Amino acid sequence: MQTSTASKKVLSGNEAIAHAAYAAGVAVAAAYPGTPSTEILESLAAYPGPHVEWAPNEKVALETAMGAAFGGVRAMAVMKHVGVNVAADPLFTLSYTGLRGGLILVSADDPEMHSSQNEQDNRHYARFAKVPMLEPSDSQEAKDFTRMAFELSEKFDTPVMLRTTTRVSHSKSIVTLAEPAVPPVKPGLVKDPAKLVMLPANARRRHPVVEKRMQDLARFAAYGYVGIFIVSLVGNATVVLPVPSLVAVFAGGTAFNPVITGLVAGAAEPLGELTGYLAGYGGGAVIENKAYYEKLRHWMEHRGFATIFVLSALPNPLFDLAGISAGALHMPVWQFLLACWLGKTSKALVIAWLGSQSVQWAAPLLRVLGIG
């Protein structure tokens, strides 16, 4: 076992899931043993802190995790694919009730039946129960998607299925180890029978909630990196009037790979800044803060590349004036874009990284403020 936070290690997919669950602050994990899922709970049991137990069957394992999640802590139920058949009853009800703490149901599928009586595809269970599912393709993604699953679960008030296969579960690759996080939800029981007790009258009221959640999840999935690119492009194309495109980068860092998020935003933002450059180049820009503009123009005449780089790397609403000045001085467009790309990408990578770490530092702050 390794708990170091600043290193890499060769892990199987199952070991990576266990490490990510520990680092995400999982409090309770229950499972019924069955290849290819067994090593997840065995690996998690080696970490200090989480309550880990074998259940008499998969239904009980999921119900144990449900009880913990209702109490506001992060929980995980683990089973092989055929075990989801046994756990289907509470799974479908949980889709209606939602939860407080994040909950992951790990389904370890077994294509080609290396150790199973069938090779059912449990992606259909996610569709049937109307819950989201994440599918890692290697150990690094197994770690990343486990953490993302907890965040999606809490964000959208839903259980999240994490589907692996035999090869993903047992193959090994290099994994960047995660830093332990503090879950954002404060543990505690909250009495809410209309939400948690699925009598027919309550279930009927919850059904529209489930349908809306699926629509929200679809929009969230469609947003992705393309959405970050578009928001960053449009946000930086607005001259002088600030648009909070960095909020999209920060949010993208919490849900997606922060490096890719930063690179996508860094590619889009310089293109958006061309509006200011072209306005200055064509002489059609209207300058209100002329004193600042003249000072900026002086800097641009002597150190244009460095000025664009520094100002683009720092969040500030007046960068458009630098772009206008660059255009007015007929700075080569490739120099403007290169300096802008270097600065904007550096800034976006930092913002996306802060987003990726937000659970760790935001949760204690929210508790101090009495929120969550």
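Bear in mind that the values in this text are calculations on the coordinates, not laboratory data. From a predicted model like this one, the values you see are computed outputs, not experimental measurements. No Cβ is skipped: glycine too gets one built from the backbone with ideal geometry, and neighbour counts run over all protein chains shown.
Close amide H pairs (under 5 Å, H built 1.01 Å from N) link VAL175 with LYS9, VAL10, LEU11, residues at least 5 positions away or on another chain. Summary of packing: across the peptides 155-162, 13-20, 300-307, the per-residue average of other C-beta atoms within 10 Å ranks them, highest first, as 13-20, 155-162, 300-307. Can you tell me the orientation of helix 358-368 relative to the chain, as the angle in degrees between its alpha-carbon axis and the longest Cα principal axis, to the nearest 10? The two axes meet at around 80 degrees.
Per-residue Karplus couplings for region 267-276, computed as 6.51 cos²θ - 1.76 cosθ + 1.60 with θ equal to phi - 60°, are listed in order as 7, 7, 4, x, 5, x, 6, 4, 4, x Hz, Gly and Pro entered as x. Calculated from the structure at hand, log10 I(q)/I(0) by the Debye sum over Cα atoms at q = 0.08, 0.12 Å⁻¹ is found among (i) -0.49, -1.00; (ii) -0.65, -1.01; (iii) -0.50, -0.89 as (iii). Note that region 138-147 has calculated 3J(HN,Hα) couplings of 7, 5, 4, 5, 4, 5, 5, 6, 5, 4 Hz, one per residue in order, obtained from phi through the Karplus relation 6.51 cos²θ - 1.76 cosθ + 1.60 (θ = phi - 60°); glycine and proline are x.
If Lys and Arg each add +1 and Asp and Glu each add -1, what is the summed charge of the other residues whose beta carbon sits under 14 Å from the beta carbon of ILE260? Provide the component values of the computation, followed by the final result.
On the way: positive: none; negative: GLU141, ASP144.
In short, -2.
Among ASP216, ASP109, what is the fewest-to-most ranking by other Cβ atoms within 10 Å?
Exposure proxy ranking, most exposed first: ASP216, ASP109.
Build a GNM of the chain with springs between Cα atoms under 10 Å apart, and of ARG204, ARG74, ARG167 the one that fluctuates most is ARG204.
Residue pairs exceeding 22 angstrom between C-alpha atoms, taken from LYS59/LYS130; LYS9/LYS143; LYS155/LYS212; LYS130/LYS195; LYS143/LYS191: LYS143/LYS191. Relative contact order, whole percent, for region 8-198 stands at 30, derived from Cα pairs under 8 Å and 6 or more residues apart. Using just its DSSP H runs of length 4 or more, each adding -39500 (n - 2.57), the chain gives a mean residue ellipticity at 222 nm of -19500 deg cm²/dmol after division by all residues.
As a rough footprinting exposure proxy, the listed residues LEU314, LEU11 were ranked by other beta carbons within 10 Å of their own, and the order from fewest upward is LEU314, LEU11. Cut-off 15 Å, label point 7 angstrom out along Cα-to-Cβ of ASN118: give me the residues of region 53-96 whose amide nitrogen falls inside. Counting backbone N atoms under 15 Å from the label point, the list is 80-89.
Seen against the Cα atoms of the chain and their longest principal axis, helix 319-328 is set at about 40 degrees.
Projecting label points 7 angstrom from Cα along Cα→Cβ for ALA221 and LYS130 puts them 1.5 nm apart. Give me the distance between the Cα centres of region 1-72 and region 121-181, rounded to whole Å. What the calculation gives is 13 Å, centre to centre. Phi-derived couplings, Karplus 6.51 cos²θ - 1.76 cosθ + 1.60 at θ = phi - 60°, listed residue by residue for region 70-78: 4, x, x, 10, 6, 9, 9, 10, 10 Hz, with x used for Gly and Pro. For the chain, the longest principal axis of the C-alpha atoms and the axis of helix 290-313 are separated by about 40°. In terms of other Cβ atoms within 10 Å, MET79, MET66 run from fewest to most in the order MET66, MET79.
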